[in-house]
Amino acid sequence: MQLRYAMTGMAVVLSLAGCQRTAYNDASYSAAPAPLTAQPVPQVQGGQLPPPGGSSQFPAAPATTAPMGGVQGGGAMAANGGGLDVTKESLVGSWRVNGSCDMFLTLTNLGSGSRGGTRGCVGELTAMGSWEVSGKQVLLKDRNGNQIGSVYKTADNAFSGQTNSGQPIALSR
């Protein structure tokens with residue numbers, strides 16, 4: 001037991017021996033550090049910049065205007081080549097249908113189209129399960145791949161069309 005106390009005492013003495021107070025010489029810290037030397041700076045040039053993109057500050061107006069009304073008679077826009085160009089990527093996400101229900105479009109493959117669906121809609125739109133872009137129109141299909149309607153782009157965030165039975169469809173964000 002005595003050996004145990006002696007060993008513990010020796011360990012404490014050795015550990016404290018390593019903890020010495022270091023005193024700093026105050027004379028070495030009283031002088032201010034030497035100033036830094038300045039670095040050379042290259043010459044700066046000045047002048048007037050040319051106008052961006054030519055002389056006009058506004059972009060040119062589009063050559064064609066998009067129709068603002070909905071699609072009447074189902075294929076009226078298809079027959080006359082109307083409607084704006086559509087990409088699948090621009091359609092992905094949530095859309096408001098006729099201001100009363102929601103349509104969700106994804107890029108997940110489902111048959112020949114992409115997966116889609118509705119929430120809170122009535123009529124044929126309740127059966128919607130997929131969609132695909134065909135030319136300037138968007139085909140809406142049921143879960144078996146049968147077309148239930150189509151819409152055409154009428155503005156940046158607006159599509160208009162109807163179901164096969166004539167129910168109007170107006171998509172907006």
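Summary of computed values
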| item | result |
| --- | --- |
| Where T118 falls short, out of the listed (1) touching a residue at least 24 places away in the same chain (Cβ under 8 Å); (2) farther than 13 Å from T87 by Cα; (3) among the β-branched types (V, I, T) | (1) |
| Neighbours by Cβ (under 8 Å, 6+ apart or cross-chain): first from the range 157-173, in contact (Cβ under 8 Å) with a residue 24 or more places away in the chain; second of a type in the set (A, V, I, L, M) and part of a loop (DSSP other than H, G, I, E, B) | S160/V71; G161/V71; Q162/V71 |
| Residues of the range 100-115 satisfying the condition of being touching a helix residue (DSSP H, G or I) at 6+ places or on another chain (Cβ under 9 Å) and surrounded by 12 or more Cβ atoms within 10 Å (Cβ to Cβ) | C101, M103, L105, S114 |
| Test: T22 is modelled with pLDDT under 85, closer than 17 Å to S160 by Cα and open to solvent by 70 Å² or more (accessible area, probe 1.4 Å) | no |
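Residue-by-condition table, conditions (1) among the aromatic types (F, W, Y); (2) surrounded by fewer than 17 Cβ atoms within 10 Å (Cβ to Cβ); (3) on the phi > 0 side of the Ramachandran plot; (4) assigned to a strand (DSSP E or B):
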site	(1), (2), (3), (4)
T118	no, no, no, yes
E132	no, no, no, yes
V138	no, no, no, yes
K141	no, no, no, yes
G145	no, yes, yes, no
S150	no, no, no, yes
K153	no, no, no, yes
F159	yes, no, no, yes
A170	no, no, no, yes
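The values are calculated or read from the model by the stated rules, or taken from the named source; none is laboratory data. This one's a predicted model, so the numbers in the text were calculated from it and none came from an experiment. All Cβ positions, even for glycine, are placed from backbone atoms using ideal geometry, and neighbour counts span all protein chains on display. Ligands, DNA and RNA are excluded from the accessible area calculation, which covers all protein heavy atoms including side chains. Shrake-Rupley method; radii C 1.70, N 1.55, O 1.52, S 1.80 Å.
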